[in-house]
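No lab work stands behind these numbers, since they all come straight from the coordinates. All values derive from a computational prediction rather than experimental measurement. Heads up, the Cβs are rebuilt from the backbone with ideal geometry, glycines too, and the neighbour counts pull from every protein chain shown.
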Amino acid sequence: MRWWKVLGLAAFAGVAATGVVIARAERRRRTYTPDQIRTRLRERHAEAVRGER
């Protein structure tokens with residue numbers, strides 16, 4: 001097998017793996033309700049403010 005074929009297959013596998021990761025993250029993100037998102041943002045903001053002091 002030539003090196004360019006191996007490189008092409010590796011690139012294809014990388015793109016496919018990246019797509020899977022993005023799809024999982026998007027699915028996980030969409031399962032939150034607006035109230036849950038608001039609560040998490042407030043918690044993160046409070047942690048950031050505590051960290052600045």
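Taking each DSSP H run with n ≥ 4 as -39500 (n - 2.57) and averaging over every residue of the chain yields -31000 deg cm²/dmol at 222 nm. Spacing of the modelled spin labels on residue 25 and residue 47, each 7 Å from Cα toward Cβ, amounts to 1.7 nm.
Rounded to the nearest 10 degrees, the inclination of helix 34-52 to the longest alpha-carbon principal axis of the chain is 80 degrees. The candidate values are (1) 6.0; (2) 4.3; (3) 3.3; the one derived from this structure for mean projected area of the Cα convex hull in nm² carries the label (1).
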